[in-house]
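Structure first, commentary second.
The values are calculated or read from the model by the stated rules, or taken from the named source; none is laboratory data. These figures come from a predicted structure and were not determined experimentally. No Cβ is skipped: glycine too gets one built from the backbone with ideal geometry, and neighbour counts run over all protein chains shown. Protein only, heavy atoms only, side chains kept; ligands, DNA and RNA dropped before computing areas. Shrake-Rupley method; radii C 1.70, N 1.55, O 1.52, S 1.80 Å.
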Amino acid sequence: MMGGMLKGEGPGPLPPLLQQYVELRDRYPDYLLLFQVGDFYECFGEDAERLARALGLVLTHKTSKDFTTPMAGIPIRAFDAYAERLLRMGFRLAVADQVEPAEEAEGLVRREVTQLLTPGTLTQEALLPREANYLAAVATGDGWGLAFLDVSTGEFKGTLLKGKSALYDELFRHRPAEVLLAPELRENGASWRSSASAFP
């Protein structure tokens, strides 16, 4: 799970901006929430620490009268470059944009998640790799079911394989950007992650 507690110090309640951040982030717990504040996408708390580590950013702090928490952000004008780096590292991104002009807002500017980006579901030309960008799905039953989809082109193919080594061979050959596991396989997620060194 991506989201963590909003780390901070202070006796008071969360400021309204951070309350809004936490509410949106809690809707997308497996994603890193990039939260628009003016000309930047910001993260707070543990997510800010994760973002700063991943991109080598300076960690600052968001401070109000009664509360302070880590903060890190990226400029919106450089979003494509930073998003590409994060996606290559395996992050899933929820992008929360300001959906009303600040000068027209009554109180806090309204923000909504406008994009969900994962390594295997990209359609934005600026973020796509040069080679095929496959999303793979793996299921088990009478053998191993394997399907590949390139969302950007609509290319789809699937097969049924008999052995796990054949499954890994196909995954290695296609090098999917993201692999979805059937629910019964997710319980063994640790063993899948340890085997994933064979392919991205």
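Here segment 80-141 and segment 23-71 have alpha carbon centers that stand 16 Å from each other.
Classify segment 71-119 from the C-alpha gyration tensor, please: rounded if a/c falls under 1.5, else prolate or oblate depending on whether a/b exceeds b/c. Before the final figure, lay out the partial values.
Working: a/c = 2.96, a/b = 2.16, b/c = 1.37.
The shape class here is prolate.
Roughly to the nearest percent, how much of the accessible area of segment 1-122 is carbon and sulfur, given a 1.4 Å probe? Carbon plus sulfur share of accessible area: 50 percent. Each residue, Thr114 and Ala81, gets one label point 7 Å from its Cα in the Cβ direction; the gap between the two is 2.1 nm.
Starting from segment 91-185, pick out the GluC sites (Glu not before Pro) whose DSSP state is loop and whose Cβ has at most 12 other Cβ atoms within 10 Å. Don't skip to the end; give the middle numbers.
Working: sites: Glu103, Glu104, Glu106, Glu112, Glu125, Glu131, Glu155, Glu170, Glu178, Glu184; in loops: Glu106, Glu131.
Filter output for segment 91-185: Glu106, Glu131.
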